[in-house]
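Visitor: Before I ask anything, let me first share the structure, which is written out below as C-alpha cells.
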Protein chains: 2
Amino acid sequence: MQSGMELHILEHKVYLISVEKEAIPIVTHSLVKLALLYKHTNCRFFSYTETCDDFSVIVDEDGFQEIPKHEKVKVQPDRWRVLNVAVGAYATNKVSGLTKIAKSVILPLADYHVSVFCMSTYQTDFILVKENDMEKAIECLSANFKVFQEKDGETMPVPINHPVDEDKLQDPGTPRPIVHPFCVPLNRFSIRSLNPETLPNVACALLEIMFYAESLISPLQDGHDRFFSYSVVDGEISLVMDADALAKFPTNSLFGSTAGECWRMIRIGGAPLGFDECGIAAQISQPLADTDISTYYISTFLTDHTLVPEEDADHVIQILKSRQQLQPIREENDDGPQHINTMNSVNSTDDSDEKLPVRHQNDKDVAYY
Amino acid sequence: MQSGMELHILEHKVYLISVEKEAIPIVTHSLVKLALLYKHTNCRFFSYTETCDDFSVIVDEDGFQEIPKHEKVKVQPDRWRVLNVAVGAYATNKVSGLTKIAKSVILPLADYHVSVFCMSTYQTDFILVKENDMEKAIECLSANFKVFQEKDGETMPVPINHPVDEDKLQDPGTPRPIVHPFCVPLNRFSIRSLNPETLPNVACALLEIMFYAESLISPLQDGHDRFFSYSVVDGEISLVMDADALAKFPTNSLFGSTAGECWRMIRIGGAPLGFDECGIAAQISQPLADTDISTYYISTFLTDHTLVPEEDADHVIQILKSRQQLQPIREENDDGPQHINTMNSVNSTDDSDEKLPVRHQNDKDVAYY
C-alpha cells in the first residue's frame, strides 16, 4: 500500500436508469421530488443528466422506489457501489477532477477488468463499480489505498483478502489506444454548485431546464449538444450546464470555483457504450494524467463525457486524436470516424473536414473524431 | 337593463377536468408547466384545486393540449365560457365574492335553468357557463347588465336577440331550499395572492403542496379536509389554502387583503354534484345576498365549496341549516343528513351529534349537515 491514501466505499447502493426523451412526463413526478424536494425523502444519492439521447439517472435504493416501472424507463440490472477518494488526499495537487485519480484508481481498475461508471461533481469524483465487481476492485485498489467502508455513519477499514496482483497492472505510462469515436460540441460549459438552503430560489429554472428543455428552451444552435447535469449527493448539489442554461438562473444564485471559467465537453461513444467494457475512462484519462489539465468525467447510460478547460481543449483533442490513431485493431465497424471536422476544432486550426453521419437523436450536426 | 352594469364574456374557452388522486404522477409534467412555467405557454386560464376526492382542473384550449389523455383523467364533455362582472361595477359595495353578484347573476341564471360553475379568486369572481347555454345566459343576464364580449383583445357589445323573459325570474328575495347536504371542515383558510414576478420564490412550496400532499405533507387532523386551490388567469395568481399549507410558504411571499383574516369552508355535496343541476350556488348565495357577509365560491368537478369569514361561520351555518329544513321535497335519497355534528359547529353551540357516514375518500371524519 502506498502513502496511506484513503479510498472510501460509500454506503449508497445505486441503480443506473435511462429514460427515453419522450418519456420524461412519466418520470417528472418522481424526479421533481428527488431533485427539488429531496429533503423530504430518504434518497441520498441522486444524479440526473440530460444528454442528446436520453435522461440518465442514478439513484440509491430509496430513490429507486420512487421511479415508475415503464418500458421507456430502462434500468441497468446491476446494483452499483460508490467509491470516493477521501477529500484532502490530493490537497497538494492543483489539478481537479479525474486527472488526479487516473493513475491510482482508473488505470488499475481497467487493468483489473473492472468496468467503471465515473461521476465527477463540483465537489468530488465518484467512481461507481458493480456490486459484483467489488471484491476485485478492492483487491486492485489496495495497491494504492487504504480502503474503508462506510456503514450506518461509521467508517470501518476493509480487510484485504487477496493482495493486489501486480502482474495484472500495466505501467501507468503505457499509452492506451482510444477505441471509441468522440466529438466536441461547441457549447461552453460551467461547473457550479449552490447552497442547498437556496435551492428554492432556482427551482423554476431547474424545472424548465430539466423537464421542458425540448419545448421551452430555445432550439439548439448548430454544433451544440443538449447536455445538463444536476446531482444531489449527501446534500451537496452539483450542476454542469452550458451558457444557455446558465442564463436561466437568477444572478448570483450559483457559485463556481472560478467565475467565468469555461469548459468544453468531449463526448465519447458514437453508439451506446454499454456497461461491461473496461478502460474507456482509462483511455481518456491516461494521456492527461501527467499533464496539469483538469478533467471532469461524467458517464451516462449511453455515452461518456469529459469536460476540459476551454483553453486546453485543442491540446486535449490533439492528444486524444493521436491515441485514436494508435489503436491497433478496431474490433467494431471500420467506418468509424478518424477525422476532425473543422466546426469542432476549438481554434479551427485543422483543415480536414470529413463530416460523419449524425448518430444521436438531438445533436445538431456534431461530428465525430 | 339596469344601471349600466357591465358583464364581460371573456375570450377563454375552458374545459373542466378531474384527475383521480392516484393519477397525479400522470399529470404532474403538464400541471407543473401550466402552474409554474405558464409564461412560457399560451395557456391564459388555469385553475387547480385539490379536494378530498380529486384534483379538479380548469384550463383553456391551449392548456388542454398539454393534459395527457388517460382513463383516470376525466374531462367534462362541454366547453365552457367565462363570465366576469367588470371590476368597479360594485366598487361601493364592501362585500366581496359571490354575495355581491348573487341577485344580479347567480339567481337569474338559476331561474333560467342555466347551470353554472363558479370560481372565485383573490381578484374577482368568474362564472362559467356551458358554451351551449350561452345564448340563454346572455338573454337572462341582459336584465341586469350591458353584455360585452372580448375577442382578440377587443371588447365588443353583444347584441341581445331576445329580451329577458321577466316571467321566468323569481323574486330574488324568495327563499330557496338547499337540497344538498353540506359540511364544515375545521381547517382555517386564507385567500392570498402574489406578484407573478415572485412566483419562483414559492415554486418549491407549490410543488410540495400541489403534487405531494399525500406523501409529504403531515397527515390531516381529525375534522380537516384536504383543500388547496391555485389559479392563474391572465397572469393574476390566486391561492386558497389552509394554515398547514400557508406555513409552507416563505414569510412575506404572499399577500392578502387582511393579514390574519381567516375563512371557513362549507363543502356542498355529499356525492358528486354533476354539471346539469341548476341553482346550487343560488341556494347558498341567496340567503346571504342581503347580509354583509362576503362569500367566495369555488366549484370543483365533484363538489362545491363556499368560504365565509370565520366570525360569520356560525351565523351562515344557521341560515343554511334553516334553508335545508325549508326544503319541501327531497327528490334524492331520504336518508340525507339533516343534523349538525358538534365537531363541526364553529363554536360548538349545537348539541345534536348524529354522525353521518363519511362519503369522501380522504376527509377525516367530517360530518354533513
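The values are calculated or read from the model by the stated rules, or taken from the named source; none is laboratory data. Since the structure is predicted, the reported quantities are computational estimates derived from the model, not experimental observations. Glycine gets a Cβ as well: all are built from the backbone with ideal geometry, and neighbour counts include every protein chain shown. For accessibility, only protein heavy atoms count, side chains too; no ligands or nucleic acids. Shrake-Rupley method; radii C 1.70, N 1.55, O 1.52, S 1.80 Å.
Visitor: Mind telling me which of the residues A:Y48, A:Y122 ends up being of a type in the set (F, W, Y) and out of contact with any Phe, Trp or Tyr (no Cβ under 6 Å at 6 or more places or on another chain)? Working first, answer last.
Guide: Numbers: A:Y48 fails: out of contact with any Phe, Trp or Tyr (no Cβ under 6 Å at 6 or more places or on another chain).
Among A:Y48, A:Y122, only A:Y122 is of a type in the set (F, W, Y) and out of contact with any Phe, Trp or Tyr (no Cβ under 6 Å at 6 or more places or on another chain).
Visitor: Something else: Does A:D225 satisfy being more than 17 Å from A:S56 (Cβ to Cβ) and of a type in the set (D, E)?
Guide: Working: more than 17 Å from A:S56 (Cβ to Cβ): no; of a type in the set (D, E): yes.
So A:D225 does not fit the description; no.
Visitor: Can you give me the ranges of the strands (runs of 3 or more DSSP E) entirely in segment A:17-124 with at least 1 residues that are crowded, with 21+ Cβ neighbours inside 10 Å and within 14 Å of another protein chain (Cβ to nearest Cβ)?
Guide: Numbers: elements: A:45-50, A:54-60, A:73-75, A:80-85, A:116-120.
Per the criteria, A:54-60.
Visitor: Let me ask something additional. Output the number of the condition that A:E11 fails; it satisfies all remaining conditions of (1) away from chain B (no Cβ under 14 Å); (2) within 28 Å of A:P200 (Cα to Cα); (3) open to solvent by less than 60 Å² (accessible area, probe 1.4 Å).
Guide: (3)
Visitor: Residue under question is A:F55, and the condition is that it be touching a helix residue (DSSP H, G or I) at 6+ places or on another chain (Cβ under 7 Å), among the aromatic types (F, W, Y) and either without any contact (Cβ under 8 Å) to a residue 24 or more places away in the chain or more than 12 Å from A:M210 (Cα to Cα) (or both); does it hold? Write out each step before concluding.
Guide: On the way: touching a helix residue (DSSP H, G or I) at 6+ places or on another chain (Cβ under 7 Å): yes; among the aromatic types (F, W, Y): yes; either without any contact (Cβ under 8 Å) to a residue 24 or more places away in the chain or more than 12 Å from A:M210 (Cα to Cα) (or both): no.
In short, no.
Visitor: Determine whether segment A:137-152 contains at least one residue that is among the basic types (K, R) and assigned to a loop (DSSP other than H, G, I, E, B). Spell out how you get there, then give the answer.
Guide: Going residue by residue through segment A:137-152, those that are among the basic types (K, R) are A:146, A:151.
Now restrict to residues that are assigned to a loop (DSSP other than H, G, I, E, B): none.
Checking segment A:137-152: not a single residue is among the basic types (K, R) and assigned to a loop (DSSP other than H, G, I, E, B).
Visitor: For segment A:74-89, how many residues meet the condition of being of a type in the set (A, V, I, L, M) and at pLDDT 95 or above?
Guide: Pass one, segment A:74-89, residues of a type in the set (A, V, I, L, M): A:75, A:82-83, A:85-87, A:89.
From the residues that got through so far, the ones that are at pLDDT 95 or above too are A:75, A:82-83.
The number of residues fulfilling the criteria is 3.
Visitor: Go through segment B:176-219 and report how many residues are under 20 Å from the mean Cα position of the chain (by Cα), within 17 Å of B:I237 (Cα to Cα) and among the hydrophobic types (A, V, I, L, M, F, W, C).
Guide: 6
Visitor: Condition (residue is among the basic types (K, R) and over 16 Å from A:R79 (Cβ atoms)) applied to segment A:124-142: is it met by at least one residue? Steps first, please.
Guide: Here is the first cut: in segment A:124-142, the residues among the basic types (K, R) are A:130, A:136.
Next cut, over 16 Å from A:R79 (Cβ atoms) only: none.
No, segment A:124-142 has no match at all.
Visitor: Being of a type outside the set (A, V, I, L, M) and modelled with pLDDT of 90 or more: is that true of B:H162 here? Step through it out loud before you land on a result.
Guide: Values: of a type outside the set (A, V, I, L, M): yes; modelled with pLDDT of 90 or more: no.
Here the answer is no, as B:H162 does not meet what is asked.
Visitor: Collect the residues in segment B:274-287 that are surrounded by 14 or more Cβ atoms within 10 Å (Cβ to Cβ) and among the small types (G, A, S), keeping them in residue-number order. Give the steps one after another, and end with the answer.
Guide: Within segment B:274-287, the subset surrounded by 14 or more Cβ atoms within 10 Å (Cβ to Cβ) is B:275, B:278-287.
Correct list: B:G279, B:A281, B:A282, B:S285.
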